[in-house]
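Before any comments, here is the structure.
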Amino acid sequence: MRVDVISLFPDFIAQCAAFGVTGRAVERGLMSLHGWNPRDHAQGNYRRVDDRPFGGGPGMVMLIDPLRSALSAARAADPRPVRTIYLSPQGAPLTQAKVHELAGRERLLLLCGRYEGIDERLIAAEVDEELSIGDYVLSGGELAAAVVVDAVARLQEGALNDAESAVQDSFEDGFLDCPHYTRPVSHELGSVPEVLMSGNHGDIARWRRQQSLVRTMQRRPDLFDEHALSKSDRKLLEQWRADQAE
Ligand SMILES: Nc1nonc1C(=O)NCC1CCCCC1
């Protein structure tokens, strides 16, 4: 997969992706990252990339043409079809389902805004979809782009080793992850749940599923309500409720 990033700080994403799974995905040639700085496409002595907002108000707005020229250069760098994504709080929420969809593409073009944002005419003309990583405002789209790169990289075939890919990630099946424990068995902070020491893989799987269900029900009722529970899931929850009542 090729990922092009339009940013005033093009090295930002490369640095974020230089470690761990994303670094390995790049090393293994599973993903390539290319940064494009709109300032390199800005005209005039001052190479302006922003200007004051029409209608007044604080801050600056990123100009159309430097961004448009950088987008055009990035698209022309590879013949394959590309999806252009603008990261902003105004976008659709990024979900694991969306990450899976993006991970299956040959190319992504991530547009990172700064200041108060970018001229709306550029979004309308050049952006395929706007995505948000959460309901808060960052100082720029680069961290959000790094999140997309990380989430997509780990889904590239060969990015995760066997142990990692065995991990049942949160949200992969729409439920939160179960708790995890490692040595020592006993610690001043508490002991490891006995079922995990039982060697009974069926019991362990049921306990982990029950924990995922309960955590999701307690912490993210919005997610929990999205899913019709299987018969076995309902039984696990009933058992948990009965245990709580004891
Ligand atoms: N939240 C977010 N999800 O994706 N991006 C986000 C963000 O907060 N981005 C910063 C803003 C800052 C002004 C310009 C446009 C981007």
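The values are calculated or read from the model by the stated rules, or taken from the named source; none is laboratory data. The model shown is predicted, which means the values in this text are computed figures rather than measured ones. All Cβ positions, glycine included, derive from the backbone under ideal geometry; neighbour counts span all protein chains shown. Note: areas computed on protein heavy atoms with side chains; ligands, DNA, RNA excluded. Shrake-Rupley method; radii C 1.70, N 1.55, O 1.52, S 1.80 Å.
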Worksheet item: If you take the residues in segment 70-84 that are in contact (Cβ under 8 Å) with a residue 24 or more places away in the chain and surrounded by fewer than 17 Cβ atoms within 10 Å (Cβ to Cβ), which one is nearest to Glu130 (Cα to Cα)?
Response: Arg83
Worksheet item: From the list Thr22, Thr95, which one is buried (at least 20 other Cβ atoms within 10 Å of the Cβ) and within 30 Å of Leu160 (Cα to Cα)?
Response: Thr22
Discussion item. Against the condition assigned to a loop (DSSP other than H, G, I, E, B), in contact with a strand residue (DSSP E or B) (Cβ under 7 Å, 6 or more places away or on another chain) and more than 30 Å from Ala103 (Cα to Cα), how does Pro58 come out, does it pass?
Written reply: no
Worksheet entry | Sole residue being in contact with a helix residue (DSSP H, G or I) (Cβ under 8 Å, 6 or more places away or on another chain), open to solvent by 70 Å² or more (accessible area, probe 1.4 Å) and away from the ligand (no atom under 16 Å from the Cβ), chosen from Arg241, Arg206, Arg219 | Arg206
Worksheet item: Does at least one position in segment 64-85 carry a residue that is within 22 Å of the chain's Cα centre (by Cα) and among the charged types (D, E, K, R)?
Response: yes
Discussion item. Against the conditions (1) in contact (Cβ under 8 Å) with a residue 24 or more places away in the chain; (2) assigned to a loop (DSSP other than H, G, I, E, B); (3) among the aliphatic types (A, V, I, L, M), where does Leu33 fall short? Just the number, please.
Written reply: (2)
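What are the residues in segment 37-50 that are open to solvent by less than 60 Å² (accessible area, probe 1.4 Å) and at pLDDT 95 or above, if any?
As a first pass, look at segment 37-50 and keep what is open to solvent by less than 60 Å² (accessible area, probe 1.4 Å): 37-38, 41-42, 44, 49-50.
Across segment 37-50, the qualifying residues are Asn37, Pro38, His41, Ala42, Val49, Asp50.
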Worksheet item: From Asp162, Asp150, Asp177, which residue is surrounded by fewer than 13 Cβ atoms within 10 Å (Cβ to Cβ) and under 26 Å from Arg208 (Cβ atoms)?
Response: Asp162
Worksheet, complete the sentence: Listed by range, helices (runs of 4 or more DSSP H) wholly within segment 75-188 having at least 3 residues that are more than 16 Å from the ligand (Cβ to nearest atom) are 96-103, 162-165
Discussion item. Any residue at all in segment 1-10 that's touching a residue at least 12 places away in the same chain (Cβ under 8 Å), surrounded by fewer than 20 Cβ atoms within 10 Å (Cβ to Cβ) and more than 12 Å from the ligand (Cβ to nearest atom)?
Written reply: yes
